[in-house]
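Structure, as structure tokens:
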Amino acid sequence: MNRQTLLAPFIASALFLGLSGTASAEDSPALTKCMNGANSDSEMVACNAKELRVQDARLNKAYQAVIKFEEGEKKQQLQDVQRLWIKYRDANCGFMGSASGGTIDRVNGAACMVDMTQTRAAELESLLPL
């Protein structure tokens with residue numbers, strides 16, 4: 001398999017995000033409203049940055065709640081996984097933020113951070129006891 005074949009799914013994702021200029025279908029109403037009113041790449045990046053603060057707080061709250069229930073090896077494993085996830089998110093979104101070489105890249109990178117953080121927060125929330 002050549003490099004182009006391996007990268008095709010990532011390039012397709014980058015192009016889709018570049019064409020849409022928005023985050024995922026699970027956007028918060030506040031993000032959707034902000035993005036609908038944005039008139040430039042900079043404004044879209046600012047919308048995503050604001051939503052990232054919300055999703056990051058959600059993720060941190062869920063992580064702190066889950067870590068309280070874990071002990072010993074499971075606690076260490078969760079800490080290790082979270083650190084690796086952060087590295088992956090940052091690397092992945094860094095790539096998405098430069099994939100096409102166009103001006104929309106900053107928006108794509110910011111939207112990636114929101115999407116991945118929102119997804120991880122939901123994953124951690126699903127680990128909480130009812």
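Quick rundown of the values:
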| read-out | value |
| --- | --- |
| Shape category assigned to region 28-126 from the gyration tensor of Cα positions, a/c cut at 1.5 | oblate |
| Burial ordering of Val114, Val81, Val54, fewest other beta-carbon atoms within 10 Å first | Val81, Val54, Val114 |
| Relative packing of peptides 43-53, 67-77, 93-103 - highest average C-beta neighbours within 10 Å first | 43-53, 93-103, 67-77 |
| Lys, Arg +1 and Asp, Glu -1 on Cβ, resulting dipole of region 87-130 about Cα centre, debye, nearest 20 | 120 |
| Taking region 28-126 and dividing mean pair separation by its residue count, relative contact order in percent (alpha carbons under 8 Å, at least six apart) | 40 |
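Coordinate-derived values only; no laboratory data. Computed from a predicted structure; not experimentally measured. Using ideal geometry, Cβ is built from the backbone for each residue, glycine included, and neighbour counts are taken over all protein chains shown.
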